Amino acid sequence: MVLDGPGQALRLAELRRPEPGPGQVLLRVRACAICRTDLHIVDGDLPEPKLPLVLGHQIVAEVEGLGPGVEELSAGDRVGVPWLGWTDGECRYCTGGRENLCRRASFTGYHIDGGYAEYTVADARFCLPIPDGYPDLQAAPLLCAGLIGWRCLKMTGDAERVGIYGFGTAAHLVAQVALHQGRRIFAFTRPGDEEAQRFAKELGAEWAGGSDQPSPEELDAAILFAAVGELVPVALRAVAPGGTVVCGEIHMSDIPSFPYQILWRERVLRSVANLTRQDGVEFLELAPTVPVRSEITEFPLDRANEAIETVRAGAVRGAIVLLPVAGNPTEPAPS
Ligand SMILES: [Zn+2]
Ligand SMILES: [Zn+2]
């Protein structure tokens, strides 16, 4: 499914099977989850995508071929391909453990063709191991929603009372990890979205309500998974002195001005950008111990446009995963 330009529907196309270059692997896609960032790319919110582009950066795939020089993977390995697709490995960020900030980084399904396809290629060094026993459908949303959620949660330090604004895919995964760690979850949804509030409570949130409602108690941290700048001062008002507000979205509407008083007393406002491979390895080791479970809605690849609009409408709980039209995975969904 090909994006020809911003604002256009994806186009079903027959592409030549890609050839793995040096250091790359040829992958047969088994599942690819949709991320909100895919919508931002389609909408033109993110500048200068590769065009035409195959979207998709939550890919579970099987290695089918090796390019020159690949030693770390073998044919038949099952791997995950996340958003971070390539870095230069030599800048101050890369050599300092912060490759997520590499200025020359390339991102999967944005600068590099991704997983809304039957085949793709990826740099072997940026493929992540998928835990055994995790079915493809369950593993796919871990690769961005889960990973970015994990990085956001780490940025809250040891916060006990964690508010989550925007209860979609990332929130439903990170809430499970946070509860497993003994934290308390307060879920803020779109005002009036009782379905999302019920979902949050089923997952173990102590409280769920609209983002227009006051928090029932002070929070130690808040994570924003909504692209709504107006929520930043709302969240700052809800956190206690010393608390952190983490913005997990790649794109957000403008943040309205707010009185210094709500930042004062060592509250911290920060963003989280991308992921490091270390985040990926950590989170994929942690996920089976929780265990993190996704609610999945499947769409065949050729209905990707409909799947994207379903994400946009917020009309589904959990995650939406695309399955290649030919050669569908045969694993049953977990109970
Ligand atoms: Zn770098
Ligand atoms: Zn993503």
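In whole Å, how far is the Cα centre of the stretch 170-235 from that of the stretch 12-37?
Using only Cα atoms to place each centre, the spacing works out to 34 Å.
Hey, what did the stretch 10-139 get for relative contact order, percent, Cα under 8 Å, at least 6 apart?
Relative contact order of the stretch 10-139: 33 percent.
Length gain on complete extension for the stretch Glu14 to Val228, per 0.36 nm per residue less the alpha carbon to alpha carbon distance?
73.3 nm
For every helix of n ≥ 4 consecutive DSSP H residues, a contribution of -39,500 (n - 2.57) applies; sum these over the chain, divide by its total residues, and give [θ] at 222 nm rounded to the nearest 500 deg cm²/dmol.
The helix contribution divided over the chain gives -6000 deg cm²/dmol.
For an R0 of 22 angstrom, estimate the FRET efficiency from the Cβ-Cβ distance between Ala315 and Ser253 and round to the nearest 0.05.
Given R0 = 22 Å and the Cβ-Cβ separation, E is 0.55.
Let me check against my output: what whole-number percent is the relative contact order of the stretch 208-285, with C-alpha pairs under 8 Å and at least 6 apart?
29 percent
With charges only on Cβ, +1 for K and R and -1 for D and E, what is the dipole size of the chain about its Cα centre, in debye, rounded to 20?
Its charge dipole is roughly 560 debye.
For the stretch 231-280, give the percent of accessible area contributed by carbon and sulfur heavy atoms, probe 1.4 Å, rounded to a whole number.
Ligands and nucleic acids excluded, carbon and sulfur reach 52 percent.
Projecting each Cα onto the charge dipole of the chain (Lys/Arg +1, Asp/Glu -1 at the beta carbon, about the Cα centre), which of Cys127, Ala170, Ala75 comes out farthest on the positive side?
Ala170
With all protein chains present, how much of the accessible area of the stretch 88-230 (probe radius 1.4 Å) comes from carbon and sulfur, to the nearest whole percent?
Solvent-exposed carbon and sulfur of the stretch 88-230 make up 45 percent of the total.
For Thr297, what residues show an amide H to amide H distance below 5 Å, using hydrogens built from the backbone and excluding near sequence neighbours?
Amide H neighbours of Thr297, under 5 Å, 5+ apart: Ala319, Ile320, Val321.
Would you work out the relative contact order for the chain, in percent, from Cα pairs under 8 angstrom that are 6 or more residues apart?
Computed value for the chain: 19 percent relative contact order.
What number comes out for accessible area per residue over the stretch 183-291 if the probe is 1.4 Å? Units Å², please.
48 Å²
The values are calculated or read from the model by the stated rules, or taken from the named source; none is laboratory data. This one's a predicted model, so the numbers in the text were calculated from it and none came from an experiment. Cβ sites come from the backbone with ideal geometry, for glycine too, and all protein chains shown count toward neighbours. Please note that ligands, DNA and RNA were not included when accessible areas were found on the heavy atoms of the full protein model with its side chains. Shrake-Rupley method; radii C 1.70, N 1.55, O 1.52, S 1.80 Å.
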